[in-house]
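Beneath this line is the structure, given in structure tokens, with notes to follow.
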Amino acid sequence: MVAKLFFQALIKYVFGVVIVGALIFLPAGTFSFFNGWLFMAILFLPILIAGVVMFFKNPELLKKRLDSKEKQKDQNIVVKLSGLMFLVGFILCGLGFRFGWYTLPKTVSIIAAAVFLFSYVLYAQVMRENAYLSRTVRVEENQKVVDTGLYAVVRHPMYSVTVLMFLAMPLVLGSVYSFVVFLVYPFLIAFRIKGEEKLLEQELDGYKEYKQRIKYRLVPFIW
């Protein structure tokens, strides 16, 4: 069981590195792309560290994070559209570097990288607070409402963090055009949240009361 989880995580990790690297560097036509290497480093090094920590301290959570197959039709659509967003966005970044389209100053990319890493810290905090986190929309047996920490600020802090993280990605890569593509993500997440909350209200005890206490879904004082 442990060996199977290890190889499953390793294969997914290597596959992710290869695919993202190909989507960025092949359109760029070169490996001499500083923003591309910066992005690869801040994306995959924290993932590696988090994966190792989960493997030894909480393998059940790692198993949940590796399961990304959505069973609900509307949520599956969100996943596919998000995948398309990444595909188009990363290719645009590489093409922008190759053909000299407008590139953001390196200062902006460095600041965006810092924001991206900060969002990883928040993400780790969310996972520490909620042991029921998975990459798919579902309610587990004996699951309870979590209403402490970041969950006392917004109802879906994991999504809040991923919005911050994903909007920082094209800025790290220095692409304005890719950033425009990634602006679709908050709307995809808003659609996902509506479907998820409907399920949680039906299947998770205490969630309706939690909604009444915590008014905001994604962004404090806005939505």
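The values are calculated or read from the model by the stated rules, or taken from the named source; none is laboratory data. What you see is a predicted model, and the numbers here were worked out from it, not measured in a lab. In this analysis, Cβ positions are derived from the backbone assuming ideal geometry, glycine residues included, and neighbour counts consider all displayed protein chains.
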Under 6 Å between Cβ atoms, which residue pairs at least 6 apart in sequence (or on different chains) link something in the stretch 32-50 that is outside any helix (DSSP H, G or I) with a partner that is at pLDDT 90 or above and not acidic (D, E)?
F33/F97
Take G149 and decide whether it is touching an Asp or Glu at 6+ places or on another chain (Cβ under 6 Å), modelled with pLDDT under 85 and of a type outside the set (K, R).
yes
For the stretch 8-27: of the residues being over 15 Å from F90 (Cβ atoms) and touching a helix residue (DSSP H, G or I) at 6+ places or on another chain (Cβ under 8 Å), which is surrounded by the most Cβ atoms within 10 Å (Cβ to Cβ)?
A9
Looking at the stretch 178-209, which of its residues are assigned to a helix (DSSP H, G or I), surrounded by 17 or more Cβ atoms within 10 Å (Cβ to Cβ) and over 20 Å from the mean Cα position of the chain (by Cα)?
L200, Y207
Going by the structure shown, is R128 closer than 25 Å to I42 by Cβ and modelled with pLDDT under 90?
yes
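Residue by residue, here is whether (1) more than 19 Å from the chain's Cα centre (by Cα); (2) at pLDDT 90 or above; (3) farther than 25 Å from M40 by Cα holds:
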| residue | (1), (2), (3) |
| --- | --- |
| N58 | yes, no, yes |
| L87 | no, yes, no |
| C93 | no, yes, no |
| Y132 | no, no, yes |
| L164 | no, yes, no |
Restricting the stretch 145-177 to residues that are out of contact with any Lys or Arg (no Cβ under 7 Å at 6 or more places or on another chain), within 18 Å of A124 (Cβ to Cβ) and β-branched (V, I, T), the one surrounded by the fewest Cβ atoms within 10 Å (Cβ to Cβ) turns out to be T148
Candidate set from the stretch 98-116 (those that are surrounded by fewer than 13 Cβ atoms within 10 Å (Cβ to Cβ) and more than 24 Å from the chain's Cα centre (by Cα)); member that is farthest from V172 (Cα to Cα):
F99
Six or more apart or on different chains, Cβ atoms under 8 Å: show the pairs whose first residue is in the stretch 135-156 and within 14 Å of K208 (Cα to Cα) and whose second is modelled with pLDDT under 75 and surrounded by 14 or more Cβ atoms within 10 Å (Cβ to Cβ).
K144/Y132; V146/Y132
